[in-house]
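Asker: The structure that follows is given in the form of C-alpha cells.
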Amino acid sequence: MKQWLPWKFPDCQAHFWAQYGLVIAGFLLALVTFLGQCSKPAPYGRHQKDDTSRGWGPLIPQRLAHTASDSTALLSYTLVFFLVGDVSAQGYANYVFLVLWLLHYLHRALIHPWVMRYSSRCVPLGITLGTVLPNLLYPATNGDWTGSAEYDDNYYYDPRFIMGIVMYVVGYCINKHADLKLRSLRGRGGSAYSIPRGGLFDYISCPNYFGELLEWLGWTIATWSLAGLVWLLFTMATFVPRARHNHQWYQQMFEDYPSQRKALVPFVF
C-alpha cells in the first residue's frame, strides 16, 4: 500500500507548524518574486547596465558572489538535514535526496562559478544579498522535510520516486550541457554575445533554465512534499520571467535570431 504522506509529525505539533510555516513563507516569497521579476529583470548578466544596476550597491567579483550565494544554500540544507532532521526516521531515500542536493549545489557553488566565462567580471552587491533569504529559507525547508520524512522501506519501487529521480537526472544533464555550450561561445577573456545553437538551443533560448526546472520538478515528485513544491514555484518565479526577458533580448540584439525558437519550453513558451 502506497504511503501518500511520508511525514506524520508524531507527537510534535511544534515541528509541524515550523515546517508548514516555512512552506507558507516560501509560497509568499515566490509570489512576490514573480511579480517583481515580471516587471523588470534583475540587473545582472546581459541585463546589467550602468543605469539599471545603480542603486544595487557596489560591484563585487562575480565568481565570489556566486560561490557565496550558492554555498549558503548548500550549508543551510545540510545543517538542517543533520541537526534538525529526525535521525530515527532517516532511511536510504532520505540519503538519496541528500546526495542529489549536494550534487547540484557542490557544483553550483564550487565549480560552476570558476569555469564559466561571464560577460561581466562584477555584479552589484545587492543582487548577492538578495539571494540570502531564499537560499536560507528554501534549502532549510527541504532539509527539514527530507531529513525527517519517514519513507516506506520499499519506496524505491514507488512510481513517484522512480519518475522523480529520472526527471532530476535528465534535467541535471540538460542544465550542465547548456552551461558548457554557453561557455564555449565566449572565448577566453571575451565578453561578446552570440547566438547559441545546437541541442535544445535549437528550440528554446534558455535550456539551462529548462533543465534546472526539470530537476526541481523531479525533486518535488520524488520527495512528494510541499517543501519541494514551493521551491519549484520559487524557481519558476525566477526563471519564467527571466527566460522571457532573455528571449526578448536575443530578438532585439540579433536580426537573424531564429523566429521559431521559444523562450523556455520547447514548442510551448
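The values are calculated or read from the model by the stated rules, or taken from the named source; none is laboratory data. What you see is a predicted model, and the numbers here were worked out from it, not measured in a lab. Positions of Cβ are generated from backbone atoms using ideal geometry, with glycine treated the same way; all protein chains shown enter the neighbour counts. Remember, those area values only see protein heavy atoms, side chains included, never the ligands or the DNA or RNA. Shrake-Rupley method; radii C 1.70, N 1.55, O 1.52, S 1.80 Å.
Asker: Mind checking which helices (runs of 4 or more DSSP H) fall wholly inside segment 42-149 and carry at least 3 residues that are within 30 Å of SER225 (Cβ to Cβ), out of contact with any Lys or Arg (no Cβ under 9 Å at 6 or more places or on another chain) and modelled with pLDDT of 95 or more?
Answerer: Counting at least 3 such residues, we get 62-83, 92-110, 132-148.
Asker: Kindly check whether there is at least one residue in segment 152-170 that is closer than 22 Å to LEU29 by Cα, open to solvent by less than 60 Å² (accessible area, probe 1.4 Å) and part of a helix (DSSP H, G or I).
Answerer: Checking segment 152-170: not a single residue is closer than 22 Å to LEU29 by Cα, open to solvent by less than 60 Å² (accessible area, probe 1.4 Å) and part of a helix (DSSP H, G or I).
Asker: Taking interchain pairs and intrachain pairs at least six residues apart, which have beta carbon atoms under 8 angstrom, with the first residue in segment 194-205 and in a helix (DSSP H, G or I) and the second of a type in the set (Phe, Trp, Tyr)?
Answerer: Going by the 8 Å Cβ cut-off, the qualifying pairs are LEU200/PHE210.
Asker: Could you list, in sequence order, all residues of segment 222-237 that are over 9 Å from the mean Cα position of the chain (by Cα) and open to solvent by less than 30 Å² (accessible area, probe 1.4 Å)?
Answerer: Once the filter is applied, which keeps residues that are over 9 Å from the mean Cα position of the chain (by Cα) and open to solvent by less than 30 Å² (accessible area, probe 1.4 Å), segment 222-237 yields ALA222, THR223, SER225, ALA227, GLY228, VAL230, ALA237.
Asker: If you don't mind, there's one more thing I want to ask. Given LEU229, LEU185, which one is touching a Ser or Thr at 6+ places or on another chain (Cβ under 8 Å), more than 16 Å from PHE269 (Cβ to Cβ), modelled with pLDDT of 95 or more and of a type in the set (A, V, I, L, M, F, W, C)?
Answerer: LEU229
Asker: Among the residues of segment 227-249, are any in a loop (DSSP other than H, G, I, E, B) and in contact (Cβ under 8 Å) with a residue 60 or more places away in the chain?
Answerer: Checked segment 227-249: no residue is in a loop (DSSP other than H, G, I, E, B) and in contact (Cβ under 8 Å) with a residue 60 or more places away in the chain.
Asker: Would you confirm whether any residue within segment 196-207 is open to solvent by 10 Å² or more (accessible area, probe 1.4 Å), closer than 30 Å to ILE24 by Cα and in contact with a Leu (Cβ under 6 Å, 6 or more places away or on another chain)?
Answerer: There is no residue in segment 196-207 that is open to solvent by 10 Å² or more (accessible area, probe 1.4 Å), closer than 30 Å to ILE24 by Cα and in contact with a Leu (Cβ under 6 Å, 6 or more places away or on another chain).
Asker: For segment 245-260, which residues satisfy the criterion of being open to solvent by 30 Å² or more (accessible area, probe 1.4 Å) and among the aromatic types (Phe, Trp, Tyr)?
Answerer: Answer for segment 245-260, where residues must be open to solvent by 30 Å² or more (accessible area, probe 1.4 Å) and among the aromatic types (Phe, Trp, Tyr): TRP249, PHE254.
Asker: Moving on to the next point. When you check THR220 against the structure, is it β-branched (Val, Ile, Thr), assigned to a helix (DSSP H, G or I) and touching a Ser or Thr at 6+ places or on another chain (Cβ under 9 Å), yes or no? Don't jump to the end; show me each part of the working.
Answerer: Numbers: β-branched (Val, Ile, Thr): yes; assigned to a helix (DSSP H, G or I): yes; touching a Ser or Thr at 6+ places or on another chain (Cβ under 9 Å): no.
Taking the combined requirement at face value, the residue does not satisfy it.
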